[in-house]
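Following: one structure in C-alpha cells, then a few remarks.
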Amino acid sequence: MIRTVVWTKSAEDQLATIWAESDDRAAVAAAANKLDGEISADADSLGESRSPGFRIALEKPLGVTFHINDRDALVEVGRVWRFA
C-alpha cells in the first residue's frame, strides 16, 4: 500500500541541522530521499517494529522513527538522527 509520508516539524528541523553540520550533505540528502520513498512504498516491513504502529529504519548516515496510520494511509516521520 502506497502511503503519504509527512515529516513532523521537529523531524524536519533535526534533518536540517544534520544536513547543515554534515561534511557530506549529498549523502544526508540521498539517505533522506531514499527513506522517504521506502517508507511510502512499504512502511509495514521497512526497518524494525517498535510499539504498535511505530517503526525504526536506518539508511546510513540517518536513522528515523515513524508512525503508521492505516486509517488515513499516512506515515509520520517523528525523529531523525545521524549515526556513524
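The values are calculated or read from the model by the stated rules, or taken from the named source; none is laboratory data. Everything numeric in this text was worked out from a predicted model, so none of it was measured. Reconstructed Cβ throughout: ideal geometry from the backbone, glycine too, with neighbour counts over all protein chains shown. Heavy atoms of the whole protein, side chains included, go into the accessibility calculation; ligands, DNA and RNA do not. Shrake-Rupley method; radii C 1.70, N 1.55, O 1.52, S 1.80 Å.
Observations
- Whole-number accessible area per residue in Å² for the chain, which is evaluated in the context of all protein chains at 1.4 Å: 59 Å²
- Around the Cα centre of the chain, unit charges on the Cβ atoms of Lys, Arg, Asp and Glu (plus for the first two, minus for the last two) sum to a dipole of about 120 debye.
- Carbon and sulfur %, accessible surface of the chain computed with the full protein complex present, 1.4 Å: 52 percent
- Degrees separating the helix 25-42 axis from the principal Cα axis of the chain, which is the longest one: 10 degrees
- The length gained by stretching the chain between Ala16 and Phe83 to full extension, at 0.36 nm per residue less their Cα-Cα distance, is 22.6 nm.
- Each listed q (0.21, 0.24, 0.25 Å⁻¹) maps to a log10 I(q)/I(0) for the chain from the Debye sum over equal C-alpha point scatterers, namely -0.91, -1.15, -1.24.
- Length gained when the stretch Asn69-Ala26 is fully extended (0.36 nm per residue, less Cα-Cα span): 12.5 nm
- Local electrostatic count, Gly47, Cβ distance below 14 Å [Lys/Arg +1, Asp/Glu -1]: -1
- Between the Cα long axis of helix 9-21 and the first principal axis of the chain there is an angle of about 30°, rounded to the nearest 10.
- Shown here for the chain: chymotrypsin sites (Phe, Trp or Tyr not before Pro) in loop regions (DSSP other than H, G, I, E, B) with at most 13 other Cβ atoms within 10 Å, namely Phe83.
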